[in-house]
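Written out below as structure tokens is the structure these notes cover.
The values are calculated or read from the model by the stated rules, or taken from the named source; none is laboratory data. From a predicted model like this one, the values you see are computed outputs, not experimental measurements. A quick note on method: Cβ atoms are made from the backbone with ideal geometry, for glycine too, and the neighbour counts reach across all protein chains shown. When the accessible area is computed, the model is the full protein with side chains, heavy atoms only, and any ligands, DNA or RNA have been set aside. Shrake-Rupley method; radii C 1.70, N 1.55, O 1.52, S 1.80 Å.
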Amino acid sequence: DVCSSDLPQLQAALNYIRNHCFAEALNVLNSIPFSQRAGQWYYYSAMANAGAGNNATAIEHIHHAVELEPSNMEYRQFQENLEYGGRWYTNMGSEYERPYSNYSSFCMNLLCAQALCTCCCRPC
């Protein structure tokens, strides 16, 4: 029985992923027989598919990796990033989009008050 992390193809796939060569990583990963695909294979496949823009396949494969190795926090973190990453950043971004928006009306009120004082409160 060959441990999946001992496969040189997995190391090659990881090197391709790190270099953003996702199509090449997928080619190497797909050359590995089904009988030798473990959690690590599905994790790497999820990363390569996500990088290539195949989000549905990436989510499917990271789910399978987590099912195979539920205690692997690296897999779980990547799964959360795939599933919730975009929504989390969107939600958080809306809160930080205009941090000084409350001050803009305050500043406008000050400018109006200054203009009013300049016009109305001039000494004769």
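Taking residues in the stretch 58-76 that are touching a residue at least 12 places away in the same chain (Cβ under 8 Å), and partners anywhere that are assigned to a helix (DSSP H, G or I) and open to solvent by 70 Å² or more (accessible area, probe 1.4 Å), the pairs with Cβ atoms closer than 8 Å and at least 6 places apart or on different chains are VAL66/ARG76.
Within the stretch 31-70, restricting attention to residues that are in a helix (DSSP H, G or I) and among the hydroxyl-bearing types (Ser, Thr, Tyr), the residue that is most open to solvent (accessible area, probe 1.4 Å) is SER35.
Do we find that TYR16 is farther than 21 Å from MET73 by Cα and among the aromatic types (Phe, Trp, Tyr) in this structure? It is true that TYR16 is farther than 21 Å from MET73 by Cα and among the aromatic types (Phe, Trp, Tyr).
Within the stretch 2-21, being in contact (Cβ under 8 Å) with a residue 24 or more places away in the chain, open to solvent by 40 Å² or more (accessible area, probe 1.4 Å) and in a helix (DSSP H, G or I) holds for SER5, TYR16.
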